[in-house]
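J.: Below is one structure. I have some questions about it.
Values in this text are rule-based calculations from the coordinates and carry no lab data. What you see is a predicted model; the values in this text were computed from it and never measured. Cβ: placed from backbone, ideal geometry, glycine included. Neighbour counts: every protein chain shown.
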Amino acid sequence: MTPAVAVTSPRRLWRHGVIGTMWLVGCFAATYLAMAYDYTPGRVGQRLTLWPTETESSSPAALIHHPDQTTVLAFLHPRCVCTRATVQQLVRTLAAHPGAVAIASVFVPLDVSDQPAWEESDYVKTIRTEVPGARMVFDRGGVQAQRFGAFTSGTILVYDRQGREIFRGGITDRRGGERENPGLQQLALTLTEGRGPQAEPTPVFGCPITASDDELWQGPGATP
């Protein structure tokens, strides 16, 4: 006896084809949106001519310029996963240019209930451990970041001994990217030569500096 052969109806084949096509389109769209987000920079802010004088005070949160050394400022959001790459790039660059003073301005919300959780983040610990002499400043409400025009986590500023801004921008190629990029190259050149400014600020890839937990891009599988 000849076995029966199952016949799939044209309608069922058409339905399966439509479902498969929709699934592929959805995958491509999700991939495109994720990549577009990764490569979309945040707000850089206007370059300043000189170090803002209103930041100089006796407050623990004051940002103080060092007239005898190049000063590197890093503005960080301690819960933005995009910033991890910036911290790693900064640590490596400062290790190769030990003559600069490093200051990390770390955002802390005004209404935060667990302040130590913000002030002892992995980024803070990494900088404290791997950058000798680095100073940590906890910027409640993002006041200092606003004074310096730093709107995106991962913004790096460099000031020369006269207090002139000679570098502004990011040092990653995308959100979370650690490949070689123009910003990183320009930072190394600025620290080597001690002069600037560069032609244009380099793109900064990160979360808004004052973002709440709900506004952060945490990355696949990340938790606050």
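J.: Could you compute the net charge surrounding Val44? Neighbours are other residues with a C-beta less than 11 Å from the C-beta of Val44; K and R count +1, D and E count -1. Could you put the intermediate results ahead of the total?
T.: Details: positive: Arg43, Arg47, Arg168; negative: Glu200.
Surrounding charge for Val44 is +2.
J.: Run the simple label-point estimate for Thr192 and Thr40 please: 7 Å along Cα→C-beta, distance reported in nm.
T.: Going by the 7 Å Cα→Cβ label model, 3.5 nm.
J.: Still on this structure, please answer the following. Taking the Cβ of Ala188 as the centre, find all other residues whose Cβ is under 13 Å away and add up their charges (Lys, Arg: +1; Asp, Glu: -1). Intermediate values should be presented prior to the final figure.
T.: Values: positive: Arg92; negative: Glu180, Glu193.
Here the count lands on -1.
J.: Now for a different question. If you count, for each residue, the other Cβ atoms within 10 Å and average over each peptide, how do 88-97, 112-121 line up from highest to lowest? List each step's numbers first, then the result.
T.: Working: 88-97: 17.8, 112-121: 12.5.
With the highest mean Cβ count within 10 Å placed first, the list reads 88-97, 112-121.
J.: Ok, one more. Could you tell me the calculated FRET efficiency between Ser113 and Ala62, based on Cβ-Cβ distance and R0 = 25 angstrom, to the nearest 0.05? Mind dumping the intermediate values first?
T.: Working: r = 25 Å, r/R0 = 1.00.
Approximately 0.50, to the nearest 0.05.
J.: Could you rank the peptides 161-172, 176-187 by their average count of other C-beta atoms within 10 Å per residue, with the highest value first? Show your work: numbers first, answer last.
T.: On the way: 161-172: 21.6, 176-187: 17.8.
Top to bottom by mean Cβ count within 10 Å: 161-172, 176-187.
J.: Restricting the count to DSSP beta bridges whose residues both fall in the range 91-224, what percent are antiparallel, rounded to a multiple of 5? Before the final figure, lay out the partial values.
T.: On the way: 5 of 12 bridges.
Of the beta bridges lying entirely in the range 91-224, close to 40 percent run antiparallel.
J.: Mind running the shape call on the range 31-185? Use the C-alpha gyration tensor, a ≥ b ≥ c as the square roots of the eigenvalues: rounded below 1.5 for a/c, prolate if a/b tops b/c, oblate otherwise.
T.: Details: a/c = 1.43, a/b = 1.19, b/c = 1.20.
Cα axes put the range 31-185 in the rounded bin.
J.: Find how much the distance from Leu50 to Val143 grows on full extension, using 0.36 nm per residue of separation minus their present alpha carbon separation; answer in nm with one decimal.
T.: On the way: separation 93, 0.36 × 93 = 33.48 nm, distance 1.77 nm.
Full extension from Leu50 to Val143 adds 31.7 nm.
J.: Report the calculated FRET efficiency for Glu200 and Arg92 (r = Cβ-Cβ distance, R0 = 22 Å), to the nearest 0.05.
T.: Values: r = 24 Å, r/R0 = 1.07.
With a Förster radius of 22 Å, E is 0.40.
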